[in-house]
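Contents: one structure, followed by commentary.
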Amino acid sequence: METSPAFRDERYVMAILAVIGAILAAAGIWYYRIKMLGDIGSDVADLAGRARGAYRMRKFKQKADGATLNAIDEPALAAAVFLYALASEDKTSLYKSVPSIRTSMALVANASDLDDMLAYAEWAARDVLDPRDLVRRFKALWRQSLAADERRQFIGMAETIVAASPQPEPSQTLAVDALRTALL
C-alpha cells in the first residue's frame, strides 16, 4: 500500500516546523543568557563606577579639609581653631568652653574681627580629628609669631579649656601636653 503524496509532504512539513521551532527556542534561550550576562556586566561596571566615585570624593574631601587649615596664616586664628578642636573632644563641656574661648581670644585678637574669626575657627575645627594634628601643623607658625610669654598664655588658655570639663578626655590631656612640648 502506498501513501498518498500529500500525506508524505505533511510529515516533512511537520518535521520542518519542529526543527524551526527548536531553532527559535534555542535562539530565545541564548538571547536570554546573553542578555543576563550583559546585565551582570552592567551591574559590575556600575559598582566599579560607584567605588571610583567614592574614592575620588574621599580624596577631594581630604584636600578640601586640608585647604581649610592651609589657608590659616594668623597665629590667633590657628590658636582659636586649636581651642575649639580641644573643646570639642569632650562634647559635654563644649558649650561651657565657648565663652571661655571667646574671652581668651578677645585678649589677643582685634575686636572688629573677633566674631568672624571665632565663627571660622569653630567651622574649621569641626573637621579636625585630633587636636594634636593642629599642634604639628601650626607649631612653626606659633614658634615664629609668639613670644615666650604669649606661648605660656596660649598654653594657659588650653589648660582652661580642659579644666572646664569635670573629667577631661585623655585626648585633651595629650593635646595640651603636645602643645606644651611644642611651644616650650
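Worth a mention:
- Residues of region 45-93 classified as surrounded by 18 or more Cβ atoms within 10 Å (Cβ to Cβ) and acidic (Asp, Glu), total: 2
- Asp90 vs. criteria of a type outside the set (Val, Ile, Thr) and without any contact (Cβ under 8 Å) to a residue 12 or more places away in the chain: no
- Enumeration of residues in region 103-132 that are closer than 16 Å to Ala71 by Cβ and acidic (Asp, Glu): Asp113, Asp116, Glu122, Asp127
- Cβ pairs under 7 Å, 6+ apart, first in region 109-127 and assigned by TED's automatic domain parsing to the domain that holds Met157 and surrounded by 14 or more Cβ atoms within 10 Å (Cβ to Cβ), second among the small types (Gly, Ala, Ser) and not in a helix (DSSP H, G or I): Met117/Ala109; Ala125/Ser88
- So Ala76, is it assigned by TED's automatic domain parsing to the domain that holds Gln172, within 26 Å of Ala125 (Cβ to Cβ) and over 26 Å from the mean Cα position of the chain (by Cα): yes
- In summary, Glu150 fulfils each of the numbered conditions (1) touching a Lys or Arg at 6+ places or on another chain (Cβ under 8 Å); (2) more than 13 Å from Leu86 (Cβ to Cβ) with the single exception of condition (1).
- Qualifying residue in region 39-52 (condition: assigned by TED's automatic domain parsing to the domain that holds Ala163 and acidic (Asp, Glu)): no
The values are calculated or read from the model by the stated rules, or taken from the named source; none is laboratory data. Remember, it's a predicted structure, so these values are computed and weren't measured experimentally. Backbone-built Cβ (ideal geometry, glycine too); neighbour counts: all protein chains shown.
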